[in-house]
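The values are calculated or read from the model by the stated rules, or taken from the named source; none is laboratory data. If you're wondering where the values come from, they're calculated on a predicted model, not measured in any experiment. Backbone-built Cβ (ideal geometry, glycine too); neighbour counts: all protein chains shown. The area values use the complete protein model at the heavy-atom level, side chains included, leaving out ligands, DNA and RNA. Shrake-Rupley method; radii C 1.70, N 1.55, O 1.52, S 1.80 Å.
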Amino acid sequence: MSGRSARTVAVILLATTLITACAPASSSAPGSAGPGSSSGPGASPGPSLASIGALASRTMPGSATAPIDDGAWGLADRLAAPSYTPDTTAALVEGLARSGIGTYADTSSTTPEVALSGPASPFRMLDFQVHAMAVGVWTGATFSGSELDGVLPLPTGSVGQPTTAQLLAAYVAAADSPGGALSRALMAGQDLLAPATLRFPAVVLVLFASDIATDGGRLLAPGASASPATGSVGAHSIVLAGYHAADRSPAVGPAASTGVCTDTANWIQGTIDSLFSALKVATPDNLPGAIVASIWNWLVSKAQAFVQGLISSVTGAVLGTIRSIAGTIAAVAEQIASLLPYGLRVTAAPASGGGATFTLGPDPQPGSFKATISAGDLPSWPPILTDCAAAANIALADLHSKNIPLTWGPLQAAPDPLLTPDSTAKTEDVTDANGDASWGFVVSSDPGDPKGEQQNQVDAMPVTVHRPEVEAARQHLTQALLGSIPGILQPFVAAIFAPYISGLQARLNALLDVRGTGSAILIFHERVKPTPGPSVTPAPSASCHPNPVVPGTYTGTITNTSSETIDLGVSGGLVATTSGSGKATMTVAADGSVTGSWDLAQHLASDEIAKVDGSIHMEDKRAADFTYTAGTMFGTACALMLTFGNYTQVTCKSSLVGDCMNEPPPPHANATLSGLGAPSSVAGGHVVWTYTYASSTGAIVKDLLTIDVMRSGS
């Protein structure tokens with residue numbers, strides 16, 4: 001007899017008021033580029049609904065154990081602002097500085113743009129790289145755990161070692177550092193126990209590698225120079241230029257000349273060299289640091305859900321894996337930051353305008369997904385990249401992405417998406433002069449009764465942009481700025497990882513396509529059910545033979561406890577419990593027939609979560625009190641039956657909508673319960689009936705109702 005209110009909660013998503021309040025607003029206010037950049041043409045439209053909703057809820061990632069401070073939440077809010085402005089870049093510069101990662105205007109700068117908190121990290125970044133990562137966060141550009149596992153798969157036969165995604169998930173969950181806190185804020189609402197489906201912003205890769213190398217800011221980077229311009233360029237920068245340790249012969253690399261491109265290449269190479277040196281100091285085989293210990297402790301305690309046979313202690317082999325993954329992730333992050341200055345933002349909206357929410361009504365409604373390629377407030381390719389392109393005699397494509405092919409879908413939705421392509425609207429498979437393209441659709445009319453229960457679903461549209469002309473340029477820029485990434489890592493990782501590192505660049509190229517996902521939130525009513533036939537109240541038996549209950553008047557209590565669990569995996573689910581008690585009075589006749597009455601007061605507590613792509617888009621914590629009065633008992637002592645009488649909602653509070661007192665009564669109000677049967681216990685004048693119910697079809701439901709009475713005079 002579950003006391004849930006009348007929400008059939010297959011999954012309940014964002015309420016209309018929340019969606020419209022959080023929907024990104026367009027802006028044409030003028031803006032300028034971030035530090036070290038030239039002035040931009042104006043502020044750009046804001047981030048995806050998904051990023052706004054997750055941050056607005058300020059929901060910790062699922063299973064995280066370390067906290068998120070107010071400063072980290074504030075930085076994440078600024079990175080998800082409706083429009084890209086100089087403050088968006090500044091927010092990431094400040095966030096990196098909190099982790100000791102300096103941002104420098106150019107290679108000649110001796111002072112970071114924002115003073116560092118704590119020891120300097122070996123991971124230093126140039127302004128154009130930070131701007132690119134800020135654009136990625138703002139547009140919602142992320143990389144799934146499975147994609148990162150594909151970049152660095154574990155060697156065949158590895159036992160008890162975590163994958164790249166699992167290690168990153170543990171870092172986000174447990175690293176008690178400024179970098180860990182910002183990572184958790186940027187991944188608000190995601191379920192860390194599902195590493196393969198997690199969506200990692202590129203900046204999380206930077207924070208992870210830096211924290212591993214400095215033990216979360218507890219260690220000073222070995223040999224770090226106060227001036228990035230004069231930092232040493234050691235063995236790794238020789239490898240970056242194509243020097244192969246195997247044959248000690250130089251390969252073809254960047255031209256040995258001076259200039260912005262050469263200076264930047266040397267600067268990045270020195271940074272990677274320092275990072276690798278720091279990783280060896282921060283993760284010695286015999287003494288793991290605090291960050292590594294917290295990561296491993298979380299994995300040991302939580303990861304039974306996704307790691308088979310995890311090694312229980314931090315061994316030398318474990319630390320070797322962590323060093324290898326951290327070094328590779330650093331190289332991946334350098335490529336993303338250096339070569340991907342733009343992102344793809346996808347939004348959904350009705351044809352009449354407004355946010356991404358569609359309230360279905362009597363008529364179908366047109367709408368569209370809009371894909372926009374954006375570099376934030378960056379007006380053109382960064383000077384460093386144009387200099388490198390000029391040195392390599394290659395032409396860079398238009399940064400603003402006119403006439404660029406893109407791929408829509410497939411649509412990610414429920415079996416009945418309630419959203420179909422608009423046959424009267426042309427699907428734009430190529431961006432226009434503003435870098436935009438759209439996919440028209442029509443949402444259906446409301447399939448349910450307007451007076452019925454509200455239901456919601458999310459239909460998501462992924463979009464991918466592959467630019468062959470940019471890929472060709474990027475191959476040259478990779479060689480000019482970063483050299484051969486496998487060569488960087490080859491002397492650093494254990495021999496067992498070497499075959500996987502050797503193919504890294506080919507696998508990494510797939511990550512450098514630009515992708516985004518937009519979501520349409522549909523609000524409708526429960527579909528109309530077939531009209532049932534006339535109800536028939538079971539007639540009590542004329543007698544009960546043998547009557548197990550001594551005739552007389554009985555008084556006592558009726559109690560009920562129930563639980564309901566709906567597990568929708570990556571889509572969310574529900575956990576609800578009820579408990580309550582009341583008074584029961586009955587008269588048992590000599591023939592066993594029963595008449596009586598009862599009342600019951602119950603309390604409901606529920607926690608309902610809806611997810612899209614593993615991120616929590618809604619969480620509704622609900623508490624409610626309600627009563628049943630004037631319930632009746634009838635039938636016989638051998639086959640006792642109940643009617644539920646009058647239902648009254650006493651209180652109802654929802655974390656999502658506030659007061660929920662106006663919701664309709666649950667479907668079992670005024671129903672008949674006929675499954676109590678004969679008493680479960682008869683001891684003189686003490687009689688107990690119990691009703692139990694359990695189901696695992698669609699939902700795991702358990703219910704126990706007990707009537708416990710004593711005969712008057714006993």
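Okay, here's what the table says:
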| quantity | calculated |
| --- | --- |
| Solvent-accessible ranking of ILE523, ILE609, largest area first, probe 1.4 Å | ILE609, ILE523 |
| Solvent-accessible area of ASP607 with every protein chain in place, 1.4 Å probe, in Å² to the nearest 10 | 50 Å² |
| Backbone N within the range 100-129 under 15 Å of label point (7 Å from ASP263 Cα along the Cβ vector) | 104-111, 126-128 |
| Selection of trypsin sites (Lys or Arg not before Pro), the range 347-426, meeting DSSP coil and at most 16 other Cβ within 10 Å | LYS402, LYS426 |
| Whole-percent carbon and sulfur share, accessible surface of the range 329-374, 1.4 Å | 55 percent |
| Theoretical gain in end-to-end length, ALA694 to LYS583 [0.36 nm per residue, Cα-Cα removed] | 37.5 nm |
| Solvent exposure, largest accessible area first (probe 1.4 Å, DNA, RNA and ligands not counted), of THR431, THR464 | THR464, THR431 |
| For SER274, solvent-accessible area (1.4 Å; no DNA, RNA or ligand), Å² | 20 Å² |
| Accessible area per residue in Å² at 1.4 Å probe, computed on the range 360-467 | 46 Å² |
| LYS653, LYS621, LYS451, ranked by accessible area, largest first (probe 1.4 Å) | LYS451, LYS653, LYS621 |
| Accessible-area value, SER680, 1.4 Å probe, nucleic acids and ligands omitted, Å² | 70 Å² |
| Extended-chain gain in nm, criterion 0.36 nm per residue less alpha-carbon gap, ALA630 and ASP77 | 193.8 nm |
| Total formal charge among the other residues, if their Cβ is under 9 angstrom from that of GLY118, Lys/Arg +1 and Asp/Glu -1 | +2 |
| Difference of contour (0.36 nm per residue) and Cα-Cα distance, THR359 to THR672 | 109.1 nm |
| Amide H within-cut-off set for GLY631, under 5 Å, with H built and near neighbours excluded | TRP598, ASN646 |
| Projected label distance in nm at HIS545 and ALA290, using a 7 Å step from Cα toward the beta-carbon | 8.1 nm |
